[in-house]
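Here is the structure we will look at.
The values are calculated or read from the model by the stated rules, or taken from the named source; none is laboratory data. Computed from a predicted structure; not experimentally measured. Quick reminder, even Gly has a Cβ in these numbers, built from the backbone with ideal geometry, and neighbours come from all protein chains shown.
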Amino acid sequence: MSTLNGSSPRPPSAPRASTVTRTVRAGIGVDTTHRAVMPPIHLSTNYLFESPGVYGKYDYTRTANPTRDLAADAIAELEGGCGASVTSSGMSAIVAATRLLSSDDLLLAPRDCYGGSYRLFRHEADKGAYRVEFVDPWDPATRDLARELRPRMIWIETPSNPHLRITDIAAWAALAGEIGAICVADNTFLSPVNQRPLEHGADLVVHSTTKFLNGHSDIVGGAVVAADEDLLEEVAWWTNAMGLSGSPFDAYLTLRGMRTLHARSRVHEENALRVVDVLAASDVVTRVNHPSLPTHPGHEIARRQQTGWGSLVSFELRGGRAAVEAFVDGITHFALAESLGGVESLVTHPWTMTHASMDEPARVAAGIGQGLLRLSVGIEAAEDLVADLERALQRTEEAASVAAL
């Protein structure tokens, strides 16, 4: 069969593919110069003007870049946003989002948040960029306080770092709408595979793309995803004006990493659930924090707003700092390092690492003690991780017994 002009008829249009398929295929086949399957990296700093005052979509890479745009489109697609601004780090994504605040505006932030976020919010407030109040958003009573304080921005981090406390996104987003606040959700700990805050009413989502989205611990980057065009335009303006834009090479590697995000996430979580079982059975562990546990205070909210439990786990060791050191000395397949969400398993001591920038009273107020450890469970063989963890816990228990003599 042929058409009147002799060409073959077009095949019927295929139904819209799933998010998984669209993520894997993001940017594939867009190269019109050499027909490369994978998109090329556009490293050029600048682009040609047709004539003075006449330019195309791209003129300078800080402002816009083809490779970075591909990554932004893929991240926005995953989160269900209208678009994204890709930044140079997770912290620069937070900076871009908080540029929406003025000096008289109040930022309501979680007491139990990433130490770098706390440091930024505290020092920006001290300089008069905006005001900040640290609260317990997982406590429903705090919403009454928010109605009294009437913040301009409500910052959500769920699960929180490092206790994995769960905040009800829909409830806080509804409150934000009620009082005219911007609701921002840091979704780094779960990624859009396991949680999509915009679907629960958030206005902005921030990511450290260094973590799960890239997944290989070889870039530093961030992103801000917006629910509507006005917010996106304002965030993009500040990203450009302040020089917060991510590099094309990091954007390329992030896009590469995202192609395996759904597959990686399944193994991450399968391994994490095995790790939770081992920790929960140990006599030297006094508390395990993971929303999969029915005893977790946020378990039911997590069931409602998440599509997976995630692969971050934190726990308290009996014996404090000495127990931590015995555990770390006994572990092999969990590297002592900051960050999370890479293919490799990591162990982090928040008191001396991720939250060291918080002063001691702030750490204590957030419930961060010297016996707390956080695991980012990777995609190694589960049996190896379990055996390694059991050996480290046994060493910790032996050290505690010796100390007690």
I need the full set of residues from the range 98-117 which are among the hydrophobic types (A, V, I, L, M, F, W, C) and either surrounded by fewer than 22 Cβ atoms within 10 Å (Cβ to Cβ) or over 21 Å from residue 358 (Cα atoms) (or both), in order please. 100, 101, 106
Conditions (1) touching a strand residue (DSSP E or B) at 6+ places or on another chain (Cβ under 6 Å); (2) under 30 Å from residue 330 (Cβ atoms); (3) surrounded by 18 or more Cβ atoms within 10 Å (Cβ to Cβ); (4) among the polar types (S, T, N, Q): number failed by residue 239: (2)
Just one of the numbered conditions (1) within 11 Å of the chain's Cα centre (by Cα); (2) under 20 Å from residue 235 (Cα atoms); (3) not acidic (Asp, Glu) is not true of residue 189; which one? (2)
Within the range 242-267, tally of residues that are surrounded by fewer than 18 Cβ atoms within 10 Å (Cβ to Cβ) and closer than 18 Å to residue 69 by Cβ: 2
So which residues in the range 228-264 are closer than 26 Å to residue 30 by Cα, without any contact (Cβ under 8 Å) to a residue 40 or more places away in the chain and more than 21 Å from the chain's Cα centre (by Cα)? 233
Residue under evaluation residue 219, criteria (1) β-branched (Val, Ile, Thr); (2) in contact with a strand residue (DSSP E or B) (Cβ under 9 Å, 6 or more places away or on another chain); (3) farther than 15 Å from residue 84 by Cα, criterion not met: (2)
Look at residue 279 and say whether it is touching a Leu at 6+ places or on another chain (Cβ under 9 Å), surrounded by 16 or more Cβ atoms within 10 Å (Cβ to Cβ) and in a helix (DSSP H, G or I). yes
Looking at residue 172 and the list (1) outside any loop (DSSP other than H, G, I, E, B); (2) aromatic (Phe, Trp, Tyr); (3) touching a residue at least 60 places away in the same chain (Cβ under 8 Å), which single condition is not satisfied? (3)
Only one of 77, 124 that is in contact with a Phe, Trp or Tyr (Cβ under 7 Å, 6 or more places away or on another chain) and in the same structural domain as residue 202 (by TED's automatic domain parsing): 124
For residue 120, indicate whether it is in contact with a helix residue (DSSP H, G or I) (Cβ under 7 Å, 6 or more places away or on another chain), buried (at least 18 other Cβ atoms within 10 Å of the Cβ), in a loop (DSSP other than H, G, I, E, B) and not small (Gly, Ala, Ser). no
Test: residue 224 is outside any helix (DSSP H, G or I) and out of contact with any Gly (no Cβ under 8 Å at 6 or more places or on another chain): yes
What are the residues in the range 354-383 that are in contact (Cβ under 8 Å) with a residue 60 or more places away in the chain and β-branched (Val, Ile, Thr), if any? 354, 368, 377, 379
Checked the range 175-212 for anything free of Cβ contacts under 8 Å to residues at least 40 places away in the same chain, in a helix (DSSP H, G or I) and among the charged types (D, E, K, R); matches are 178
Odd one out for residue 320, checked against (1) out of contact with any strand residue (DSSP E or B) (no Cβ under 9 Å at 6 or more places or on another chain); (2) at pLDDT below 95; (3) surrounded by 16 or more Cβ atoms within 10 Å (Cβ to Cβ); (4) over 26 Å from residue 218 (Cα atoms): (3)
Just the residues that are outside any strand (DSSP E or B), touching a residue at least 12 places away in the same chain (Cβ under 8 Å) and surrounded by fewer than 19 Cβ atoms within 10 Å (Cβ to Cβ), please, taken from the range 130-139. 136
